Structure formats: structure tokens, C-alpha cells
Amino acid sequence: MNFDAFQSSLSAAQPPPGVSELLRALWFDAQGDWDQAHRIAQDVETPDGARVHAYLHRKEGDLPNARYWYRSAGVAAESGGLEGEWQKLVLHLLG
């Protein structure tokens, strides 16, 4: 799957089959279901899971919590737009 196909899947009722848990989280986030996205991301105990978790807390406006998760992911805290960060994460996770 590429970025365009993932983005096109946002018009579907469910995430595309076979995508990773973190891509599912970002799919739900793009659908406006922050709670479902957060439930998924917080259960993925990897640096990428921490990175998505950080993004979600940044989007929520909980910047101290977001900074904690960026540190846990081993990446610098994002400061650009949320849409750009979402795209960057999707591209990263798609490989």
C-alpha cells in the first residue's frame, strides 16, 4: 500500500485490511476518532508506537505528555503542523 491508497481508504467505513496497528490508529485519527486511535497506539510498546502516541497527545493539546512520548520514541518533538506530522508518520509506517 502507498500513501495515496491509504489516504483514499479514509472514505471507507473501516481501515484497510492488513495494515499495521499504528496505521489503523492513524486511520481512526483521520476519521476524527481520537479515542480509538489513542487506545490502539498506547498498546504498541515500540519507538514507533511512542511516536504515534506523542502525535496524538500533541493533537489533543497535552504538550507535556506529548514531549514525554517523543523522548520515549527517541525523536525530537515536532513543531510543524499536525497534518504534516500525520503524513510523515503514515509515510514512515508504510516504509
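Candidates are the residues of region 4-35 that are of a type in the set (G, A, S) and under 15 Å from Q87 (Cα atoms); the one that is surrounded by the fewest Cβ atoms within 10 Å (Cβ to Cβ) is A5.
Can you spot a residue in region 36-43 that is surrounded by fewer than 18 Cβ atoms within 10 Å (Cβ to Cβ), of a type outside the set (V, I, T), in a helix (DSSP H, G or I) and out of contact with any Leu (no Cβ under 7 Å at 6 or more places or on another chain)? Yes, region 36-43 contains a residue that is surrounded by fewer than 18 Cβ atoms within 10 Å (Cβ to Cβ), of a type outside the set (V, I, T), in a helix (DSSP H, G or I) and out of contact with any Leu (no Cβ under 7 Å at 6 or more places or on another chain). Among residues that are free of Cβ contacts under 8 Å to residues at least 24 places away in the same chain and surrounded by fewer than 16 Cβ atoms within 10 Å (Cβ to Cβ), E83 is included. Taken over region 1-35, the criterion of being assigned to a helix (DSSP H, G or I), of a type in the set (G, A, S) and closer than 21 Å to W69 by Cβ is satisfied by A25, A30.
Read the figures in this text as sums done on the coordinates, not as results from a lab. These numbers come from a predicted model, not from an experiment. Cβ coordinates were reconstructed from backbone atoms using ideal geometry, including for glycine residues, and neighbour counts include every protein chain displayed.
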